[in-house]
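Here's the structure we're looking at; comments come further down.
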Amino acid sequence: MKIGIIGEYNPAYPSQQATNDALIHSIEKLGIRIEHDWIPTASIPEQMDKIKKTYKGFWIAPGSPESVKGVLHIIQYAREHNISLLGTCGGFQNILIEYARNKLMIEEAEHEEQDPNASKLVISKLACSLVGQKGEIIKNPSKVFGIYQKQIVIEQFRCNYGLNPEYQLQIDESGLRIVGADTQGKPRIIEIPEHKFFIGTLFVPQLSSTQETPHCLINSFIEHVIS
């Protein structure tokens, strides 16, 4: 059984190296046999049939993908077919873009970093950078609360973009629930409650994972992939 990590792997990028490490931490802790591969985003459209047969879960990795189209294709497939999916940092952002385009039918939905002049910036530059910031409040009840088993958690960020407040209520009320926020109510965690496992975090949980203490979100992701 395999997990597909969606992105262009760069060992010099700490969040991507931490993604590999965190998976190994959780796999060893859980005592299961599961493999993982990085899937270059530009190859996804023509390889989609093979990808569907090979991978039972997907992690949308941090970083700027070579092909946003490829990333969105995977997210839509996982969302519509109840395939376990975790998105962190840039993965969180692309989950929101895919949902806005294909569920809310906002065809012009864009990311400010990729198209700053777009008319519908669902992902916009944060007023204050979150790089190096920590802190979350999780809603109870939610799937994520059930994983953490606590309402206040400390996590690490490495991003400068997030959900545009103009779209926050529309997205939350349509089914992609905002279940984690900072103390000002700004979205940091999203999930589809009815889905097997469909969770996005603006923070980077893999940076907090250690061999002794794997991250609970990553443990839960893997457990849902193999279930």
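The values are calculated or read from the model by the stated rules, or taken from the named source; none is laboratory data. Everything numeric here is computed off the predicted structure, so don't read it as measured data. Note that each Cβ is placed from the backbone with ideal geometry, even for glycine, and that neighbours are counted across all protein chains shown. Please note that ligands, DNA and RNA were not included when accessible areas were found on the heavy atoms of the full protein model with its side chains. Shrake-Rupley method; radii C 1.70, N 1.55, O 1.52, S 1.80 Å.
Points worth noting:
- In segment 152-182, the residues that are acidic (Asp, Glu) and without any contact (Cβ under 8 Å) to a residue 24 or more places away in the chain: Glu166, Asp172, Glu173
- When residues of segment 194-217 are limited to those that are open to solvent by 10 Å² or more (accessible area, probe 1.4 Å) and touching a helix residue (DSSP H, G or I) at 6+ places or on another chain (Cβ under 6 Å), the one farthest from Glu80 (Cα to Cα): Gln211
- Among the residues here, His111 does not qualify as open to solvent by 10 Å² or more (accessible area, probe 1.4 Å), in contact (Cβ under 8 Å) with a residue 40 or more places away in the chain and either of a type in the set (Ser, Thr, Tyr) or closer than 19 Å to Phe203 by Cα (or both).
- Residues within segment 88-97 that are more than 9 Å from the chain's Cα centre (by Cα) and surrounded by 24 or more Cβ atoms within 10 Å (Cβ to Cβ), tallied: 1
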